[in-house]
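Structure first, then comments.
The values are calculated or read from the model by the stated rules, or taken from the named source; none is laboratory data. Treat the numbers as computed from the prediction; the structure is a model and nothing was measured. Only protein heavy atoms, including side chains, enter the accessible area calculation; ligands, DNA and RNA are left aside. Shrake-Rupley method; radii C 1.70, N 1.55, O 1.52, S 1.80 Å.
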Amino acid sequence: MNIRRAFTLIELLVVIAIIAILAAILFPVFTQAKVAAKKTQSLSNIKQIGTATQIYVNDNDDSYPLAFYSYDPAGGYNWNRFIPVPASQLSAAEPAWKKAAAEIFVFNSIQGYMKNISMLQCPDGSSLATTASFGPATAQPTGLPSITYTYNGLLNGYNGTSVAAPSDLPVYWHGHGKRSLYGYGYASPWLACNDTTQPCVYAGTSTGCTAGSGAYTTNTSRKGMNSFGQGVLMAMADTSAKFRKVSGNGRVNTAQRADPRRDPFPNYGVNLIPCSRWFDANGCYPYMFRPDYDFNTAENATYLAGSADTTPNVCTP
């Protein structure tokens with residue numbers, strides 16, 4: 001007669017230990033595979049957005065979509081920062097100029113060239129609830145898109161054939177890391193355009209930041225840049241899309257600073273929070289977002305070296 005022997009306690013503990021070890025080995029692999037899949041999907045999204053934008057450029061007298069929105073004739077300020085997407089969510093109490101400005105904002109104007117608006121959100125991003133930055137604050141309706149990618153506002157109305165290095169110039173990028181704005185789009189950097197008698201177009205570094213439309217810019221966003229493996233995705237002016245590595249933690253001296261032609265920021269702290277920004281030698285425009293830059297010519301070496309950060313890993317956005 002056959003006698004079936006049960007597992008002993010020691011044998012059960014060994015099996016459990018083996019399963020635990022295998023799980024500890026495999027779970028990180030599964031996590032990495034999941035992140036890689038989302039990175040691939042996000043890269044596809046941002047490339048399609050870049051391609052849709054280029055088709056828009058071809059159909060609109062070779063001009064890039066607008067990121068400068070309008071000038072409030074009553075309040076005397078530029079309407080920049082967060083813009084409603086779609087524009088129809090603006091309340092009836094908003095002035096007509098604001099509604100018209102929102103409709104021509106880049107993420108609204110290119111929708112006819114996109115497959116679907118959901119491509120504006122990174123599949124691995126977190127959506128942030130937002131409220132109206134200008135005018136009456138109203139509750140946002142449901143079903144709005146969440147927008148992760150940010151637009152290079154220096155391309156506002158810029159002529160496409162005038163771009164000096166299409167394969168190196170970012171058109172879209174992770175300006176807010178993986179964070180998405182619910183129902184709002186954002187340009188980073190964006191032009192300061194205070195003269196309503198002139199077109200709001202990038203003026204070039206030779207102007208020396210003089211007053212007027214497009215003569216200088218606001219800062220690039222300094223939110224966390226840890227998007228995918230310490231890097232960000234970018235869509236370039238030639239419709240290519242690529243992953244670009246950014247600096248790691250603790251860059252505290254000039255010898256270790258990031259390449260300004262490849263990284264928006266020279267120094268980073270914990271969680272890849274940038275401590276400072278790269279600007280051109282005159283301090284007018286973010287270095288790598290200038291449409292007339294060839295990405296080869298070095299500028300003032302002393303300026304690029306700058307001064308070392310004295311409090312690494314403590315900087316805040």
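For the cross-link pairs Lys99/Lys178; Lys39/Lys178; Lys178/Lys245, which exceed 22 Å when the distance is taken from alpha carbon to alpha carbon? Result: Lys99/Lys178 exceed 22 Å.
Amide H to amide H, with H built 1.01 Å from N, Ser63 comes under 5 Å of Gly160, counting only residues 5 or more places away or on other chains.
Which length gain, in nm to one decimal place, applies between Gln198 and Gln41 when the Cα-Cα distance is subtracted from 0.36 nm times their residue separation?
52.5 nm
Here the gap between Ala24 and Asp294, fully extended at 0.36 nm per residue and compared with their Cα-Cα distance, gives a gain of 92.4 nm.
Around the amide H of Arg179, modelled in the peptide plane, lie the amide H atoms of Ser126, all under 5 Å away and 5 or more residues distant in sequence or on another chain. Rounded to the nearest 10 square angstrom, Leu22 shows an accessible area of 90 square angstrom against a 1.4 Å probe.
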